[in-house]
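Q: Supplied in structure tokens, the structure appears directly below.
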Amino acid sequence: MSRHEMRFAGLWRAPLPPGAMYAKLADIEHYPGWWPAFRSVKRTGERECEIVIRSVLPYELTVRLTPLVDDPVERVLEAALEGDLTGNVRWRVKDDGGHGCVAAFTEHVSVRKAALRRWMPLARPFFHLNHAVAMRSGQRGVVAGVQHGFG
């Protein structure tokens, strides 16, 4: 792994049927309504969209997301990212033994934004923390939506 690459992984547990969680994650255009780190999503093609993301650190990331896998049977979503980050992101949603679902997340990216690349050697732990905060806010948004009847 180069000094500009980062890998992330995590699990979300939610009181949603797996198919409902899959549908929520597949509906990228509505992320800003429930996931605070997603500042905007704009459709740029038949399948592509431009996403602006910002968590707690004072920078925004703009990426073009292109779906690669959209499998509602296996409940797998995978997309390529290009822009301030280049790489891929993948979700796999499974049943959680009758208690809802678990959504497994993996991301492997290379930081392309020049200002962030300069800081990578020193700021890597802060970038991981920033990502963790963004992911927690997304999980809270999903659960809050379920609790308010929007799941």
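The numbers here are math on the coordinates, done by the rules we state, and not lab data. Bear in mind the structure is a predicted one, so any value in this text is a computation, not a measurement. Glycine gets a Cβ as well: all are built from the backbone with ideal geometry, and neighbour counts include every protein chain shown.
Q: For residue 24, which aspartates and glutamates qualify as cross-link partners when the Cα separation must be under 16 Å and same-chain residues fewer than eight apart are set aside?
A: Here the aspartates and glutamates satisfying the reach criterion relative to residue 24 are 70, 71, 74, 78, 95.
Q: Moving to a separate point now. Placing +1 at every Lys and Arg Cβ and -1 at every Asp and Glu Cβ, with all other atoms neutral, what dipole size does the chain have around its Cα centre, in debye to the nearest 20?
A: In total the dipole reaches around 640 debye.
Q: Still on this structure, please answer the following. Counting only residues 5 or more places away or on other chains, whose amide H sits under 5 Å from the amide H of residue 83 once H atoms are built in the peptide plane?
A: Result for residue 83 returns 64.
Q: I would also like to ask the following. Which value in deg cm²/dmol, rounded to the nearest 500, describes the helix-derived mean residue ellipticity at 222 nm for the chain, given -39,500 (n - 2.57) per DSSP H run of n ≥ 4 and division by the residue count?
A: Mean residue ellipticity, 222 nm, calculated: -10000 deg cm²/dmol.
Q: Counting every Cα pair in the chain, what percent are over 20 Å apart?
A: Numbers: 5407 of 11325 pairs.
Here the tail beyond 20 Å accounts for 48 percent of pairs.
Q: Moving to a separate point now. Less than 13 Å Cβ to Cβ from residue 137, Lys/Arg counted +1 and Asp/Glu -1: what total charge do the surrounding residues give?
A: Values: positive: 39, 54, 136, 140; negative: none.
Once positives and negatives cancel, what remains is +4.
Q: Where Lys and Arg each count +1 and Asp and Glu each count -1, what net charge lies around residue 115 among other residues with Cβ under 12 Å from its Cβ?
A: +2
Q: Right, something else. When the chain is treated as a GNM, springs tying every alpha-carbon pair under 10 Å, which of 47, 39, 92 comes out with the largest mean-square fluctuation?
A: Evaluated over the chain, the most mobile residue of the options is 47.
Q: Helix 114-147 against the longest principal axis of the chain: what's the angle in degrees, Cα atoms only, rounded to the nearest 10?
A: So the inclination is approximately 10 degrees.
Q: At what distance in angstrom do the alpha carbon centres of segment 80-147 and segment 1-60 lie from each other?
A: Using only Cα atoms, the two centres lie 7 Å from each other.
Q: Summing +1 for each Lys or Arg and -1 for each Asp or Glu, what net charge is found among the other residues whose Cβ lies under 10 Å from the Cβ of residue 78?
A: On the way: positive: 90, 92; negative: 70, 71.
Net local charge, residue 78 excluded: 0.
Q: Related question: Over segment 5-147, what relative contact order in percent results from Cα pairs under 8 Å that are six or more residues apart?
A: 30
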